[in-house]
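Working notes for the structure below.
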Amino acid sequence: MYTLPELGYNYDALEPFIDTRTMEIHHKKHHQAYIDKLNKALEKYPKLQNRPVEELIRNLSMIPEDIRTAVQNHGGGHANHSFFWKILKKDVEPSGEILKAINKKFKGIDNFKEQFKDAATTLFGSGWAWLVWNGKELEIVKTPNQDNPINQGKIPVLGLDVWEHAYYLKYQNRRPEYVDAFFNVINWKHVNDNFLKAKK
Ligand code: MN3
């Protein structure tokens, strides 16, 4: 059985960039729903129930066909949101190896933000924008729905939920404003840790 992870901070911790009500509904309702549906899908397959969720979504071809789509969507939803909560924090400046690598690849943090924003705002419909380590270098990718780059062999370092449920209460249709706000709540210390682990 998968259970809802603690945020590790209060629902109002990211104000005014991500509002309290959105955080509460996003965590308690949306994330919980992915977990409930993932647990339901795995009822018939006890052996799969204790695996780290990343293991399930990394090798979708190993998942029984009758629950594969459910694991892709709801397992992805659980993995993505668990990842997302950890990379959010106010007042952390980019530093360390990740900053060096971003400067090298994107010629500066502002160029990186511009390209990431472009990916996040041009993604059609619901999905995620990511900064990943592809085994050789950093790369910006986008995925539809709750797909995660790890099933393309790419390791997420940073990710942004651009489903409307992530921003609609505060930003309505203004996704670009939400992306700009996100740049104020990136926990670069944790992102740097993700990067160091990914490179190993
Ligand atoms: Mn979401």
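The values are calculated or read from the model by the stated rules, or taken from the named source; none is laboratory data. All values derive from a computational prediction rather than experimental measurement. Please note that ligands, DNA and RNA were not included when accessible areas were found on the heavy atoms of the full protein model with its side chains. Shrake-Rupley method; radii C 1.70, N 1.55, O 1.52, S 1.80 Å.
Remarks
- The mean sequence separation of alpha-carbon pairs under 8 Å and at least six residues apart, normalised by the residue count of the range 20-86, gives a relative contact order of 39 percent.
- Accessible surface of residue 102 - all protein chains present, 1.4 Å probe, nearest 10 Å²: 0
- Orientation-averaged projected area, Cα convex hull of the range 43-144 (nm²): 8.4
- Normalised contact order of the chain, rounded percent, pairs of Cα under 8 Å and 6 or more residues apart: 25
- Computed log₁₀ I(q)/I(0) - Debye formula, equal Cα scatterers, no solvent, the range 20-86, q 0.13, 0.17 Å⁻¹: -0.34, -0.56
- Helix-only CD estimate at 222 nm, as mean residue ellipticity for the chain, using -39500 (n - 2.57) per DSSP H run (n ≥ 4): -12500 deg cm²/dmol
- Selected from 40, 154, 89 as most flexible by GNM, with the chain as the system and alpha-carbon contacts under 10 Å: 40
- Taking only the alpha carbons of the range 93-200, we obtain Rg and Dmax values of 13.4, 40 Å in that order.
- In the elastic network of the chain, a GNM with C-alpha springs shorter than 10 Å, the most mobile of 134, 184, 59 is 59.
- Alpha carbon centroid spacing (whole Å) that separates the range 152-200 from the range 17-73: 19
- Accessible surface of the chain, 1.4 Å probe: 50 percent of it comes from carbon and sulfur atoms.
- For the chain, the normalised intensity computed at q = 0.11, 0.13 Å⁻¹ comes to -0.49, -0.70 (log10 of I(q)/I(0), Debye sum over alpha carbons, equal scatterers, no solvent).
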